[in-house]
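A.B. asks: Below are the structure tokens for one structure; questions will follow.
The values are calculated or read from the model by the stated rules, or taken from the named source; none is laboratory data. It should be emphasised that the depicted structure is a prediction, and the values quoted were computed from it without experimental measurement. In this analysis, Cβ positions are derived from the backbone assuming ideal geometry, glycine residues included, and neighbour counts consider all displayed protein chains.
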């Protein structure tokens, strides 16, 4: 991968401090993302529409009863401390700590009856629609980003189709952006965020490091060119550069161009727009992700320059204690950043093309425990959807009086994925690709249909 480091102790445009940095190309350039993307574009003449997906993941399992499925008539040890408020869609109520979403509920759809979550702390279903232990794909399970990359390619030359702003986390499953699987590493995530203290010790074509090139110097073409020249010299000295084909060498040139750098440079954003997303909190939460509200804005900027799929993780939602104190802080931050993203998509005329999905691995227990928290609860989960040309301003499904189980219209992860692929214009029941064992695989099985309420 190509790593672009920030200087220790400095604070950059995304609010990160200490040894913060961006890392471009987690899977490297040795036959990976950009070179193969260039080959594919030359061969297939891929389209240039801005169909895209932004996947917002909430590590730890956010409490559905305190956000979008409040139960004001339930006993106090179930309903909790938060009150429901009305929205701009008659009949829909959400948490008092999501006032921005309440004012633009017509731009969102809520699924309150996501029913097939697993019980472990793993966001894998939000990335693949499948449990991690699923068998039957020789070569590995391909993530949604990998499928989008394989079937759609980039929206613009020089920008990888599959980008990830997922911060690596102490609990690895909360920072895992998914893989290319049997589709190939070239369709895996092009990682743009990297956690503290990573020390792989690699210094090869698969882990390219531009030393002493901070985020604030990305616009310094001379310094950037010099860093690449130094890297090339190192490769030549090692006898490796000659092994790079024309596409890999062209990829080096793309990474030194302005498109990616400008998309990641928030100093170029309108300060009023930047302010709408809220102030980020870059401190890591033990095994969870930092609260980088600016990553929501970066996701929009990356889609605008051609990315087809961007994933990001936000905070740590595993609240076995102090559920309501934590909720009073994190829920409004999510509300502000997510609503700013959706509003931006509408303001820029991208709402028919760009789908936004926001979810966690499971819901929380109906009953509040002795520590004032809610525990793991896979029987009921929720999902927020926006954009993509979907029919928003509605709630799909419901749960029982305590928010324990779906009362009607149980929804599965695969149905959400089928809807997202449908929004992309990918017929998920037609495009089959053979895995390494020769078995046909689909983005979603042919029998799984998009959610009829949304399309």
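A.B. asks: Could you say which residue among 353, 330 is under 21 Å from residue 291 (Cα atoms) and crowded, with 19+ Cβ neighbours inside 10 Å?
C.D. replies: 330
A.B. asks: Output yes when any residue across the range 363-383 is in contact with a strand residue (DSSP E or B) (Cβ under 6 Å, 6 or more places away or on another chain), at positive phi, assigned to a loop (DSSP other than H, G, I, E, B) and buried (at least 20 other Cβ atoms within 10 Å of the Cβ), and no when none is.
C.D. replies: Scanning the range 363-383, I find no residue that is in contact with a strand residue (DSSP E or B) (Cβ under 6 Å, 6 or more places away or on another chain), at positive phi, assigned to a loop (DSSP other than H, G, I, E, B) and buried (at least 20 other Cβ atoms within 10 Å of the Cβ), so the answer is no.
A.B. asks: Looking at 158, 80, 178, 153, which one is in contact with a helix residue (DSSP H, G or I) (Cβ under 9 Å, 6 or more places away or on another chain), on the phi > 0 side of the Ramachandran plot, crowded, with 21+ Cβ neighbours inside 10 Å and modelled with pLDDT under 95?
C.D. replies: 153
A.B. asks: Only one residue in 141, 110 is more than 17 Å from the chain's Cα centre (by Cα), crowded, with 22+ Cβ neighbours inside 10 Å and farther than 26 Å from residue 368 by Cα. Which one?
C.D. replies: 141
A.B. asks: Determine which member of the set 308, 328 is in contact (Cβ under 8 Å) with a residue 12 or more places away in the chain and touching a strand residue (DSSP E or B) at 6+ places or on another chain (Cβ under 6 Å).
C.D. replies: 308
Listed here are the residues, each with its yes/no results for (1) touching a strand residue (DSSP E or B) at 6+ places or on another chain (Cβ under 8 Å); (2) under 22 Å from residue 94 (Cα atoms); (3) part of a helix (DSSP H, G or I); (4) modelled with pLDDT of 95 or more.
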position: 260; (1), (2), (3), (4): yes, no, yes, no
position: 278; (1), (2), (3), (4): no, yes, no, yes
position: 302; (1), (2), (3), (4): yes, no, yes, no
position: 315; (1), (2), (3), (4): yes, yes, no, yes
position: 335; (1), (2), (3), (4): no, yes, yes, yes
position: 338; (1), (2), (3), (4): yes, yes, yes, yes
position: 341; (1), (2), (3), (4): yes, yes, yes, yes
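A.B. asks: Please find, within the range 53-77, the residue that is surrounded by the most Cβ atoms within 10 Å (Cβ to Cβ) out of those that are part of a loop (DSSP other than H, G, I, E, B) and out of contact with any helix residue (DSSP H, G or I) (no Cβ under 9 Å at 6 or more places or on another chain). Give the steps one after another, and end with the answer.
C.D. replies: Going through the range 53-77, the residues part of a loop (DSSP other than H, G, I, E, B) turn out to be 58-63, 67-75.
After this cut, where a residue has to be out of contact with any helix residue (DSSP H, G or I) (no Cβ under 9 Å at 6 or more places or on another chain) as well, the list is 61, 69, 75.
Values: 61: 26, 69: 24, 75: 12.
Ranking the candidates gives 61 first.
A.B. asks: Could you list, in sequence order, the residues of the range 83-103 that are in contact with a helix residue (DSSP H, G or I) (Cβ under 6 Å, 6 or more places away or on another chain) and assigned to a loop (DSSP other than H, G, I, E, B)?
C.D. replies: 87, 88, 89, 92, 97, 98
Residues are listed down the side, and each one gets a yes or a no for (1) within 20 Å of residue 158 (Cα to Cα); (2) at pLDDT 95 or above; (3) in contact with a helix residue (DSSP H, G or I) (Cβ under 8 Å, 6 or more places away or on another chain); (4) in a helix (DSSP H, G or I):
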{"position": "267", "(1), (2), (3), (4)": "no, no, no, yes"}
{"position": "272", "(1), (2), (3), (4)": "no, yes, no, yes"}
{"position": "319", "(1), (2), (3), (4)": "no, yes, yes, no"}
{"position": "325", "(1), (2), (3), (4)": "no, yes, no, yes"}
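A.B. asks: Please verify whether the range 419-431 includes one or more residues that are closer than 19 Å to residue 92 by Cβ, touching a helix residue (DSSP H, G or I) at 6+ places or on another chain (Cβ under 9 Å), crowded, with 24+ Cβ neighbours inside 10 Å and in contact (Cβ under 8 Å) with a residue 60 or more places away in the chain.
C.D. replies: Checked against the condition, which is being closer than 19 Å to residue 92 by Cβ, touching a helix residue (DSSP H, G or I) at 6+ places or on another chain (Cβ under 9 Å), crowded, with 24+ Cβ neighbours inside 10 Å and in contact (Cβ under 8 Å) with a residue 60 or more places away in the chain, the range 419-431 yields no hits at all.
A.B. asks: Tell me which of these residue 346 doesn't satisfy, since it passes every other one: (1) over 28 Å from residue 424 (Cα atoms); (2) over 16 Å from the mean Cα position of the chain (by Cα).
C.D. replies: Status for residue 346: all satisfied but (1).
A.B. asks: Every residue in the range 115-142 that is within 18 Å of residue 442 (Cβ to Cβ), modelled with pLDDT of 95 or more, touching a strand residue (DSSP E or B) at 6+ places or on another chain (Cβ under 8 Å) and in a loop (DSSP other than H, G, I, E, B), please.
C.D. replies: Across the range 115-142, the qualifying residue is only 142.
A.B. asks: Going by the conditions given, is residue 243 loosely packed, with under 14 Cβ neighbours inside 10 Å, out of contact with any strand residue (DSSP E or B) (no Cβ under 8 Å at 6 or more places or on another chain) and modelled with pLDDT of 70 or more? Don't jump to the end; show me each part of the working.
C.D. replies: Details: loosely packed, with under 14 Cβ neighbours inside 10 Å: yes; out of contact with any strand residue (DSSP E or B) (no Cβ under 8 Å at 6 or more places or on another chain): yes; modelled with pLDDT of 70 or more: no.
In short, no.
A.B. asks: Among the residues that make up the range 397-404, is at least one of them in contact with a strand residue (DSSP E or B) (Cβ under 6 Å, 6 or more places away or on another chain) and within 27 Å of residue 161 (Cα to Cα)?
C.D. replies: The answer is no, given that none of the residues of the range 397-404 is in contact with a strand residue (DSSP E or B) (Cβ under 6 Å, 6 or more places away or on another chain) and within 27 Å of residue 161 (Cα to Cα).
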